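The values are calculated or read from the model by the stated rules, or taken from the named source; none is laboratory data. Since the model is a prediction, treat every value here as computed from it, not as a measurement. Using ideal geometry, Cβ is built from the backbone for each residue, glycine included, and neighbour counts are taken over all protein chains shown. SASA here: full protein model, heavy atoms, side chains in, ligands and nucleic acids out. Shrake-Rupley method; radii C 1.70, N 1.55, O 1.52, S 1.80 Å.
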Amino acid sequence: MILAALFWIFLFILVYTYIGYPLLLWLLVAGRKFLFRPGQANVAEYEPDVCLFVTAYNEIEFVTQKVENSLRLDYPPEKVQYLWVTDGSNDGTEARLREYPHNDVFHLPERNGKMHAMNRGMKFVNAPVVIFSDTNTLLNRSAIREIAACLSNPAVGCVAGEKRIKENRADVASVAGEGLYWKYESWVKRLDAEFNSAVGAVGELFAVRKELFEEVEPDTILDDFIISMRIAQKGYKIAYTPNAYAEETASMNVKEELKRKIRIAAGGIQSLPRLKKLLNPFRFGALSWQFFSHKVMRWTLAPVALFLLFIVNGLIVLTQGFDSNFGFYTLFFLLQLLCYLLALTGWFFENRKLRLKIVFAPYYFVSVHYASILGIARYFRGKQSVKWEKSKRAGVL
């Protein structure tokens, strides 16, 4: 009985986290549209001054394409402040950026972490809207206009852009897996925003009203998530627009992607006590449910449940004996075994010239859950540095 109860608890956690919650959101959004049939929004063009804010640590191979991409954006250049913080860089990044007279470049010789650089750089922002982006990403031409359109709504305090993976090497497991993951995540983010508010933003592209930004603890790992959710904590919405997107290449391989996922998992655990107020549904209502379902469960319960479900299912089959009639527990255990075998096959074929997304997706899924457990352990051991260890990417854009 105990094993069976654990089995159903772990299965519920996984199904609810990845299928049930998005399905509930979809039903709620669809129901609202059917009942209220909202008319076409008629928003006057909003064109505020903006600051395109980028922190760069030893990004000499990317800064030229980033600067040129920024200059091609469809927005009046006189209304854009191009601000760079290059603290700690010693590979020529600072000097390369200073070759462009429109850039405001701020540099310190010591490296103190991204959040420290962001806090410092905000003191030099002279625009009411701050758009954060990463050096190794390229923005679509209308990105700033799409963000400004969202901010024309005074209830919106933060805008989350979309992250897209350039699948220029579809035969690599990290590309296939990461690309599929971000398509799924973007779908959930869109549903979150349509229902109430997006749950956080990604550092590749997001914007905030300068007046709402508050200095964040310098040891913060997930700066983008903390900044955006603290704005939501103030009662503002986080809008999501797939029409403003940042494109980057995937990690070179799953090993490199694990570096990111371990760090993100550690940062997720760190963020929970810092955002604990958001778990109060009597104060934050639907946002509390969204935060718990979309982030807390995915960061804490789902990774553990995935592996324990397999172990518990196996113990049930061993305890009851192999069911020659293929009862539910036996069939489900064989299904799990097949998925793990596909993941193992994906590991074997990683980086080989075989387009087998059917095995790369399970490999990526299992790997990122394993990385989440490692990240949780690393955080509680106090081993996660605030300084990014950059993942090698599968080529340049």
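Please name all residue pairs, on different chains or six or more residues apart, with Cβ atoms under 7 Å, provided the first residue is in the range 91-103 and is in contact (Cβ under 8 Å) with a residue 12 or more places away in the chain and the second residue is open to solvent by less than 30 Å² (accessible area, probe 1.4 Å) and assigned to a loop (DSSP other than H, G, I, E, B).
Partner pairs satisfying both residue conditions: 93/56; 93/59; 93/86; 94/86; 97/86.
I'd like to check something: does the range 58-72 contain any residue that is under 24 Å from the mean Cα position of the chain (by Cα) and either open to solvent by 60 Å² or more (accessible area, probe 1.4 Å) or among the acidic types (Asp, Glu) (or both)? Reasoning before the result, please.
Step one: list which residues in the range 58-72 are under 24 Å from the mean Cα position of the chain (by Cα), which gives 58-59, 61-63, 65-67, 69-70.
Those still in the list that are either open to solvent by 60 Å² or more (accessible area, probe 1.4 Å) or among the acidic types (Asp, Glu) (or both) too: 59, 61.
Within the range 58-72, one or more residues are under 24 Å from the mean Cα position of the chain (by Cα) and either open to solvent by 60 Å² or more (accessible area, probe 1.4 Å) or among the acidic types (Asp, Glu) (or both).
Can you tell me how many residues in the range 263-284 are open to solvent by 20 Å² or more (accessible area, probe 1.4 Å) and either aliphatic (A, V, I, L, M) or touching a residue at least 24 places away in the same chain (Cβ under 8 Å) (or both)?
So in the range 263-284, the residues open to solvent by 20 Å² or more (accessible area, probe 1.4 Å) come out as 264, 272-274, 276-277, 279-284.
Narrowing the set further to residues that are either aliphatic (A, V, I, L, M) or touching a residue at least 24 places away in the same chain (Cβ under 8 Å) (or both) leaves 264, 272, 274, 277, 279, 284.
The number of residues fulfilling the criteria is 6.
So residue 136 ticks every box in (1) at pLDDT 95 or above; (2) in a loop (DSSP other than H, G, I, E, B); (3) under 24 Å from the mean Cα position of the chain (by Cα) but one. Which box is left unticked?
Condition not satisfied by residue 136: (1).
From 391, 372, 367, 324, which residue is modelled with pLDDT of 90 or more, small (Gly, Ala, Ser) and either surrounded by fewer than 20 Cβ atoms within 10 Å (Cβ to Cβ) or within 21 Å of residue 180 (Cα to Cα) (or both)? Before you say what the answer is, go through the steps one by one.
On the way: 391 fails: modelled with pLDDT of 90 or more; 367 fails: modelled with pLDDT of 90 or more; 324 fails: modelled with pLDDT of 90 or more.
Among 391, 372, 367, 324, only 372 is modelled with pLDDT of 90 or more, small (Gly, Ala, Ser) and either surrounded by fewer than 20 Cβ atoms within 10 Å (Cβ to Cβ) or within 21 Å of residue 180 (Cα to Cα) (or both).
Is it the case that residue 214 is outside any helix (DSSP H, G or I), open to solvent by 20 Å² or more (accessible area, probe 1.4 Å) and over 25 Å from residue 25 (Cα atoms)?
In short, yes.
Looking at the range 44-69, I want the residues that are more than 15 Å from residue 90 (Cα to Cα) and have a partner that is among the aromatic types (Phe, Trp, Tyr) with Cβ atoms under 7 Å, at least 6 apart or on another chain. Which pairs are those?
Between residues of the range 44-69 that are more than 15 Å from residue 90 (Cα to Cα) and residues that are among the aromatic types (Phe, Trp, Tyr), the close pairs are 52/82; 53/132; 54/84; 67/100.
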